[in-house]
Amino acid sequence: MRKLVLITGASAGIGEAFAKTYAMNGYDLIVSARREDRLVALAHSLSESYGVDVSVATADLSRPDAPLDLLNRIEARGRPLDAVVNNAGFGLPGTFVETSWEDQRDFLQLMLTTPTEICHRVLPGMQARGFGRIINVASLVSFLPGSKGHTLYGPVKSALMKLSESLNEETAGTGVHVTAVCPGLTYSEFHDVNGQRERVSELPDYMWQKADEVAEAGFEAVEANRPVVVTGGVNKAIAALAHVLPDPVARAAMRQQSRYVRD
């Protein structure tokens, strides 16, 4: 029987690319997001192209009850999850006090609490069965200083990276692999949704990656049981540089560059 993967935020961008990558590698899929029409179209396309079973499970994972509801619906189908890609997310432009607490609360729920809860709920079964793959989509900003605007994005992505490192250690020898994937700027709808497309378009082409490249690197990394992978040569160089730069210099550089992607 083919293995089964759940991919959240699968309706576009990196999530859609992960769905294609897992389908290419012979997995059946459950694709989840809020936009059912996009998921249905994706499911049809992947089934036709790769001969795998693709099910749609719509969910608004910014709701506190949504992760358990989603996993209960999956369990009711009678097949355990062999892999999970926690990808659902969005950016929240503006400074901390310019945004409402309700928006920040939903951001934290979707971006941190939901993937953490999903990990906690699926890991025992994966360990008992001796096989599991979990990818948490973090970001290059996990390595960088905090900056003005999108205030909680960096802290949340840093937490996801550290969570993945810890879980990778805790599951050693069990057949379960946990990896944080840390892309930089990626061609997707992300910057259209948060209203930053015009600004980030000023950045040079060499700083951008295609979503398919990110997904392929993530798949290879989790199979190799690497706790963290930074995707793309330029991003690897930036992450390495961030480790050696003095903090004041790193903060100044971040302040200079953040004008392209932060309000």
Practice prompt. Of all residues in the range 16-28, count the ones that are more than 13 Å from Ala57 (Cβ to Cβ) and part of a helix (DSSP H, G or I).
Written response: 8
Worksheet item: What about Arg133, is it of a type in the set (Lys, Arg) and in a helix (DSSP H, G or I)?
Response: no
Worksheet item: What tally of residues in the range 16-58 results from selecting those that are surrounded by fewer than 19 Cβ atoms within 10 Å (Cβ to Cβ) and over 21 Å from Glu220 (Cβ atoms)?
Response: 15
Worksheet item: Taking only pairs six or more apart or across chains, which ones have beta-carbon atoms under 9 Å, a first residue in the range 143-159 that is closer than 18 Å to Leu108 by Cβ, and a second residue that is among the acidic types (Asp, Glu) and part of a helix (DSSP H, G or I)?
Response: Gly149/Glu98
Worksheet item: Based on what the data block shows, is Asp60 among the acidic types (Asp, Glu) and without any contact (Cβ under 8 Å) to a residue 12 or more places away in the chain?
Response: no
Worksheet item: Across the range 41-97, what is the total count of residues that are under 24 Å from Phe107 (Cα atoms), acidic (Asp, Glu) and not in a loop (DSSP other than H, G, I, E, B)?
Response: 1
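Read-outs throughout are calculated quantities, based only on the coordinates presented, and are distinct from any laboratory measurement. Computed from a prediction, not measured in an experiment: that's the story for all the values here. A quick note on method: Cβ atoms are made from the backbone with ideal geometry, for glycine too, and the neighbour counts reach across all protein chains shown.
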